[in-house]
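Values in this text are rule-based calculations from the coordinates and carry no lab data. Fair warning: this is a prediction, and the values are worked out from it, not measured in the lab. Every residue, glycine among them, receives a Cβ derived from its backbone with ideal geometry; neighbour counts consider all protein chains shown.
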Amino acid sequence: MDSFPLREHPTGAHIKQGDSVLQSWRIRKAAPYIPRGAHVLDIGCSDGALFRALGGRIASGLGIDTATVPADHGSFQFIQGYAPAALPRGDRYDAITMLAVLEHIPPDAQRDLAASCLSLLRPRGRIVCTVPSPKVDTLIHLGRRLGLLDGMAEHEHYGFKPADTVRLFTDRGFALRRAQRFQLGLNNLFVFARAGDDSRSTIRSPAGAGQRR
C-alpha cells in the first residue's frame with residue numbers, strides 16, 4: 001500500500017527514532033497472529049504504523065487513538081477518541097490489537113474495554129496485546145534524558161503489570177491462546193480468543209507460512 005502521513009505530536013515533531021524502533025518491534029511480534037485478509041481494529045493506533053506494516057496482507061482496518069491520528073487512507077480509517085465509545089456501531093473485527101496500550105488505561109476503563117471486545121470480535125476473532133514490564137519505565141526515563149525517546153506517555157502506566165492481562169480477559173469470557181516474552185524479557189505478547197472458539201486453526205506460528213490449517 002502507499003504510505004500515508006505519520007502522526008505528529010502536539011509539538012509538531014515526528015515520533016523519535018527510538019520510539020519508532022520499539023513500535024516496529026511490537027508490530028513484528030504481533031503480526032503473525034493477525035489473519036491474512038482480516039478487518040482489524042487497532043486501539044491506540046498512534047501514527048498508523050501497524051496498518052502501514054500490514055497493509056499488504058490485511059484487507060482493512062480502523063485505528064483509534066486519543067491523540068492526533070492520520071488521515072483516512074484507502075480501506076484504512078482513523079478516529080480520534082476513546083474505545084469503545086467512539087467506535088462505529090455494528091462494526092465487527094477479525095482482530096483487535098492493543099500494542100503498548102493497556103498500561104495507559106485506568107483500571108475501570110480497562111475492564112469495560114475488555115468486556116466490550118466480546119461484541120466487537122467476529123467468530124474466530126482474536127485479541128493481540130503487548131504489555132511492557134514495569135522495568136521498562138526506568139529505561140524510558142533514561143531514554144528521555146538522552147533525547148532518544150519521547151516515552152509515549154509512560155506517566156500514565158497506572159501500575160499495570162503484565163500478569164494482570166490474563167485475568168483481565170479470561171474473567172470476561174476469553175481464553176489465552178499464546179503468551180510470550182520478547183525484547184530481552186522486557187515486553188510481553190498475549191493472544192486471546194473467545195472461550196470455546198477454536199481460533200488456533202487460524203493462528204500461525206512466527207515461523208509459519210501464514211496458511212490456515
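Out of every Cα-Cα pair that segment 67-141 contains, those further apart than 17 angstrom amount to 56 percent.
For segment 89-102, putting each phi into the Karplus relation 6.51 cos²θ - 1.76 cosθ + 1.60 with θ = phi - 60° gives couplings of 5, x, 6, 10, 10, 7, 8, 10, 10, 9, 9, 6, 10, 4 Hz, in residue order, rounded to whole numbers and with x for Gly and Pro. For residue 72, nonlocal amide neighbours, meaning residues 5 or more places apart or on other chains whose placed amide H falls under 5 Å from its own, are 78. Residue-wise HN-Hα couplings along segment 38-46, as the Karplus relation 6.51 cos²θ - 1.76 cosθ + 1.60 with θ = phi - 60° gives them from phi, are 6, 9, 10, 9, 10, 8, x, 6, 6 Hz; Gly and Pro carry x. Residues whose amide H comes within less than 5 Å of that of residue 121, counting only those at least five positions distant or on another chain, are 93 (H built at 1.01 Å from N in the peptide plane). Summarising the label geometry, the points placed 7 Å from Cα in the beta-carbon direction at residue 71 and residue 175 lie 4.5 nm from one another.
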